[in-house]
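Written below as structure tokens is the structure these notes are about.
Just so you know, all these numbers are worked out from the coordinates, no wet-lab data involved. Just so we're clear, the structure is a prediction, and the values are computed from it rather than from any experiment. With ideal geometry, Cβ positions are generated from the backbone for all residues, glycine too; neighbour counts draw on all protein chains shown.
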Amino acid sequence: MSALHDRSQKGRHTILLLILMTWLHGGNVFANTEVPTDAFIQGFSVEVSNRTFALQAMKNLSKRSEGSKQHTFWQAYLRLEQFNVPHYQAAALSWGLDSRPERLAKAKAFATNLVPMAFMSLALRPLYASTVKYAKKLRKLRLIGPTNAQAFLNYMVEQEELQVEMMRLALRKDYAAAARLVDEFIAKHTGTSFTSEQ
């Protein structure tokens, strides 16, 4: 009887623990599963839109900065965003999202044409600060992502952290060092496919 009583007590404790964990996690203990949650899909949709905007914006800035010292930086940034495209397209497709360019993202990117290139150096500082904050959001998004997509989610966070470091170097006007980081990142991930895990 004593053994049965102990097992019963452990069972009740387990149930109470699960209830407590569910309450603490906003009703979803098993957020990090193979099935993406609504919260994850919403967050990743924002990220897909951001990558679309960044790609279009970097095309503009790379072209407009030709002949300037900053061209090396914006050209490297463009290479990064172009490299991101197939990885994000595959992830978006696997979760039923449309990765095609959005009108709003393209319109926001077009607005970068209205900013004189002479002011882009000044714009880098607030852009750097916002990217640091956004990288934190992506780390949190990774935590609630599907367990079978962790390699891609790690890539998602890594490329954002790379952008933070690129901007930090650009603020020091070390554009060549920022470009080298991009080349190293691309070399590291060339040939990598994340589709098999999803």
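Using a simple spin-label model with pseudo-atoms 7 Å out from Cα toward Cβ, residue 193 and residue 85 lie 1.9 nm apart.
Evaluated with a Cβ-only charge set (Lys, Arg +1; Asp, Glu -1), the stretch 135-198 carries a dipole of roughly 320 debye about its Cα centre, given to the nearest 20. Label-to-label distance, residue 68 versus residue 150, with points set 7 angstrom from Cα along the beta-carbon direction: 4.3 nm.
Distance between the 7 Å Cα→Cβ label points at residue 164 and residue 180: 2.2 nm.
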